[in-house]
Amino acid sequence: MEILKTVLGVFIGVIAVLLIAVVLLQPSKTEGFQGEAPSLGDNLYGKSKGVEALLKKATIILTVLFLLLTLILAIIS
């Protein structure tokens, strides 16, 4: 039983790190410098809707996995 708890703990830690990374990679909802100078970042940082959708799905999946594994670990402890 201790090995199962350890394995679940490791999985939860890995998922937590991945979740943090995915959230940090998402573009912010505020305009930032874009409102001040619209052409400032257009060439370097073009928005891609496909990447944003993928990051959103990854966030949802990782969050559900994190919650489920945390609940399972709490139940068996």
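The values are calculated or read from the model by the stated rules, or taken from the named source; none is laboratory data. Just so you know, these numbers come straight off a predicted model, no measurement behind them. All Cβ positions, glycine included, derive from the backbone under ideal geometry; neighbour counts span all protein chains shown.
Among the residues of region 1-40, those identified as assigned to a loop (DSSP other than H, G, I, E, B), of a type in the set (S, T, N, Q) and either surrounded by 11 or more Cβ atoms within 10 Å (Cβ to Cβ) or modelled with pLDDT of 80 or more (or both) are 26, 28. Scanning region 50-69 for residues that are β-branched (Val, Ile, Thr) and loosely packed, with under 12 Cβ neighbours inside 10 Å yields 60, 64.
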